[in-house]
Amino acid sequence: LKKYDAVMDEFRSDMSATKTWAHVTYPHLSKHTVAYFSMEFAIHSSLRLYAGGLGVLAGDFCKEASDLGLSLIGVGFMYPQGYFYQHISPIGWQEEIYRELNFAESPITPVLDGKKRPVKVEVELDSRSVHLAVCQVNVGRVKLYLLDSNLPENCPCDRQLTARLYGGDREVRIQQEIVLGIGGVRVLRALGIQPSIWHANEGHTCFMMLERCREMVAEGIHFNEATDRVRATTVFTTHTPVPAGNDCFNENLVDKYFQRYWGALGLERDAFLKLGRQESCADFNMTVLGLRMAQHCNGVSKLHGAVCRRMWQSLWPGVEERDVPICSITNGVHVPTWVAPQMSRLYEKYIDQDWFSRHDDPAIWERVLDIPDEEIWRARRWLKQKLISVIQDHARKHWLDNEGAPLQVLAMGALLDTDALTIGFCRRFTDYKRAALILSDLTWLKRILQDELRPVQIVFAGKAHPNDEHGKHLLQEIYNLARNPVFGGRIAFVEDYDLHMARYFVHGVDVWLNTPRPLQEASGTSGMKAALNGVPHLSSLDGWWYEGFTGNNGWSIHNDISALSMPDQERMDAETLYHILGEKVIPLYYDRDLNGVPHGWLKVVRQAIRSSMPTFCARRMAKEYAEQMYLEAAQAAETAMADEPGFLPGAAVAGKRP
């Protein structure tokens, strides 16, 4: 009970609530509920319902909706085993460990009906029914409903459907997405919740749109009109330009699980399959389904929006690329979650006593120039010392757990130096993020790491997807370099990076390194979290950094990618990275006055805070969704209800289908 109370106290402290905003600024939205569907939600470290950036974004969005008073509910999965715990073997190979969630120590409650019985719905999979219960997490004012198939009335394989995040093969994936999309709609109906606006966060959730059409067809509406009504009240956010991030299912799987469903939509097989097909590709693409079934579509940064318009132009024949109806709303981060207490106190003292409620106002961040260098430097040094202390405690625990493993403890960062320039690379380990770019020239790397007058150290953390062999080999390469005594403990890999550890990293490193292959990073948000704590960003000019880099708030790896082959691009990017570090970053960090304060460095720190805080916060993001997406969808819902009182909630009038 004490442990539960401690978890709940920490959880509630994270669920900050400020003054309402939307009910005052947009009175129309106070009458409308947004149903926000996502495969993962990163709410708190006690709930491993996330794998990475998609879940962190969804969690931050829910928190900001709560702070602003938006009427939003989340719909996702209750994963009893969640995402895996990472263990690195003595040879540097990632091992995935799954542990059952202890519900007694988690901020989760079952959802009961008026007779105190669990609320349940059914979803058809092939020729069988899967029963789903519902759990609830209160994210401030936002309710998050989590579907759970681990029920005695289900067969053993179906009980495991919601056990793990991104587990299993393609067949398990399509089953999960059917359960989330179709089952999620049925859960909301069972709870008596009638959203006006439906927001699909990535393609995993888009079967939700088909289920809403099925409801209308069952009421006698033709599929085309039902589709128009659904489209007018649906928002679809796509998060990745990487093909592997866009779920596709072959015809056999679609036939197996939808042969009884497309008739309920009034469709023949070919017409149903066409909803998810692009050009000559026979696979059913969930992103294509989302773009066809939602009128309000967006990428997650300005550059990503442009990439999406190019990628999906063929869905709108005859439409110029610039006119493809996919806009962009750049991601943002929930400031109360990610700002370190030490930086928050500085902002209260020099920016505004009530800066949290005004943090999306660019004008107040001009006052960051008023913070004395000595105070910023003192806070930044304390945060780095805290990070290294946490890493060293982690390494000592690893030592005890493994009965002494000197090289592995070295790899964990036991010898990190609180005075050295500390570069952090904390990302998912996958090919396009290029974790090893900084390791391209080990001779150069050894020289800068072993410089006694201007020492540098690099801390890596992150997980590879369980099925990503290349990512695991990349992780192994870096881990074994960290074990190599020739680098003198200046490279560290910290295992099992999670939401809890992420806070220490974004607070405490000196430079946030991000090296995605250009045009493959949709947005990225970890660098935003670091920047608002005064950690400058060093990144390829991709994702959010394409619009965030000002020339004085960090550093950009920028080459003309159109003129380069991939090997040449890798080589040029590595050379540019080395030049920036050797000629700009390291000298600036170690250019100190007699009191040891790097005034030039702190100018960059100030600009990082000033430029990122109001622009890349979740408050700005949530307001843009409200203004650019939700208001129009709410007006469409009101029009439909005025035209046909009593019709299915959420039904709305038309736009043109791509």
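Per residue, the average separation of C-alpha pairs within less than 8 Å and at least 6 apart gives region 57-132 a relative contact order of 14 percent. Its Cα gyration tensor gives region 185-243 an equivalent ellipsoid; the semi-axes, largest first and in whole Å, are 22, 15, 10. Between Glu374 and Val319, residue separation times 0.36 nm minus the direct Cα-Cα distance comes to 14.2 nm. R0 = 35 Å: FRET efficiency of Leu631 with Trp444, Cβ-based, nearest 0.05? Using R0 = 35 Å, I get an efficiency of 0.10.
A protection proxy built from the mean count of other Cβ atoms within 10 Å ranks the segments 351-357, 113-119, 565-571, 67-73, most packed first, as 67-73, 351-357, 565-571, 113-119. Which of Leu383, Ala271, Tyr36 sits farthest toward the positive end of the charge dipole of the chain, with +1 on the Cβ of Lys and Arg and -1 on the Cβ of Asp and Glu? Result: Leu383.
Here is the tail figure for region 83-149: Cα pairs spaced more than 13 Å apart come to 76 percent of all pairs. Once the convex hull of all Cα atoms in region 437-531 is built, its volume per residue stands at 127 Å³. Rounded to the nearest 20, the size of the Cβ-charge dipole of region 90-170 about its Cα centre is 460 debye, with Lys and Arg at +1 and Asp and Glu at -1.
The orientation-averaged projection of the convex hull spanning the C-alpha atoms of the chain amounts to 29.6 square nanometres. In region 115-252 the Cα-Cα distances spread across 5 Å bins starting at 0 as 2, 9, 16, 22, 21, 17, 10, 3, 0, 0 percent of all pairs. In plain terms, the chain from Lys256 to Asp417 could stretch by 52.2 nm, reckoned as 0.36 nm per residue minus the Cα-Cα distance.
Extension gain, Arg358-Ala218: 0.36 nm per intervening residue step, less the Cα-Cα distance, totals 45.6 nm.
Across q = 0.20, 0.27, 0.30 Å⁻¹, region 41-88 modelled as identical point scatterers on its alpha-carbon atoms has Debye log10 I(q)/I(0) values of -0.68, -1.04, -1.17, in the order of the q list.
Quick one: if the Förster radius is 41 Å, what FRET efficiency do Lys386 and Asp431 give, using the C-beta to C-beta distance and rounding to 0.05? For R0 = 41 Å, the calculated efficiency reads 0.80. Computed about its Cα centre, the charge dipole of the chain is approximately 920 debye, with only Lys, Arg, Asp and Glu carrying charge at their Cβ. Simple rule: put +1 on each Lys or Arg Cβ and -1 on each Asp or Glu Cβ in region 428-535, find the dipole, and look at Gly471, Asn484, Leu442; the Cα lying farthest toward the positive end is Leu442. Rounded to the nearest whole angstrom, the semi-axes of the ellipsoid equivalent to region 286-426, taken from the Cα gyration tensor as √(5λ), stand at 42, 28, 13, largest first. In this label model, Arg310 and Arg592 are separated by 4.5 nm, measuring between points 7 Å along each Cα→Cβ vector. Across every pair of non-identical alpha carbons in region 257-300, the mean reciprocal distance, once inverted, gives a Kirkwood radius of 11.4 Å. About its Cα centre, region 301-376 has a charge dipole of approximately 480 debye under the convention of +1 per Lys or Arg Cβ and -1 per Asp or Glu Cβ, with nothing else charged.
Based on the alpha-carbon gyration tensor of region 19-119, what equivalent-ellipsoid semi-axes (square roots of 5 times the eigenvalues) come out, in whole Å, largest first? Calculated on Cα positions only, the semi-axes equal 33, 19, 10 Å. Each Cα pair of region 488-630 feeds into the Kirkwood radius, which the Stokes-Einstein equation turns, at 10 °C and 1.306 mPa s, into a diffusion coefficient of 95 µm²/s.
Computed 3J(HN,Hα) for region 482-489, one whole-Hz value per residue from the Karplus formula 6.51 cos²θ - 1.76 cosθ + 1.60 where θ = phi - 60°, is 5, 7, 6, x, 4, 8, x, x, glycine and proline marked x.
Share of antiparallel DSSP beta bridges in the chain, in percent to the nearest 5? The answer is about 35 percent antiparallel. Kindly state, to the nearest 0.05, the FRET efficiency for Asp498 paired with Leu151, given R0 = 25 Å and r defined as their beta-carbon distance. My answer for the efficiency is 0.30.
Across the cross-link table entries Lys63/Lys115; Lys63/Lys463; Lys115/Lys143; Lys397/Lys433; Lys302/Lys349, which are compared at the Cα atoms, the separations over 27 Å belong to Lys63/Lys115; Lys397/Lys433; Lys302/Lys349. Dimensions of region 360-495 based on its C-alpha atoms, expressed as ranges along the principal axes with the largest first, amount to 48, 33, 31 Å.
Modelled spin-label separation between Glu366 and Lys584, with each label point placed 7 Å from Cα along the Cα-to-Cβ direction: 2.7 nm.
The base-10 log of I(q)/I(0) for region 205-336, evaluated at q = 0.15 Å⁻¹, reads -0.75 [Debye formula, identical scatterers on Cα atoms, solvent excluded].
With kT/(6 pi eta Rh) evaluated at 25 °C and eta = 0.890 mPa s, and Rh the Kirkwood radius from Cα pairs, region 508-570 diffuses with a coefficient of 203 µm²/s according to Stokes-Einstein.
Per DSSP helix of 4 or more residues, -39500 (n - 2.57); summed, then divided by the residues of the chain. What does that give at 222 nm, rounded to the nearest 500? Helix-only estimate at 222 nm: -11500 deg cm²/dmol.
Derived value for region 448-491: Kirkwood hydrodynamic radius 11.7 Å. Basis is the mean of 1/r over every pair of different alpha-carbon atoms.
Principal axis analysis of the Cα atoms in region 35-194 yields extents of 54, 44, 28 Å, listed in decreasing size. DSSP finds beta bridges in region 18-158, and of those with both partners inside it, around 70 percent are antiparallel. Treating the Cα atoms of region 319-383 as identical point scatterers in vacuum, please give the log10 of the normalised Debye intensity I(q)/I(0) at q = 0.19, 0.22 Å⁻¹, two decimals. Log10 I(q)/I(0), no solvent term: -0.78, -0.98. Loop-located trypsin sites (Lys or Arg not before Pro) in region 181-264 (DSSP state other than H, G, I, E, B) with a sparse environment of at most 12 neighbouring Cβ atoms within 10 Å: Arg260.
Where a number appears in this text, it was derived from the coordinates with a stated rule and is not lab data. Quick caveat, the model's predicted, so the values are computed rather than measured. With ideal geometry, Cβ positions are generated from the backbone for all residues, glycine too; neighbour counts draw on all protein chains shown.
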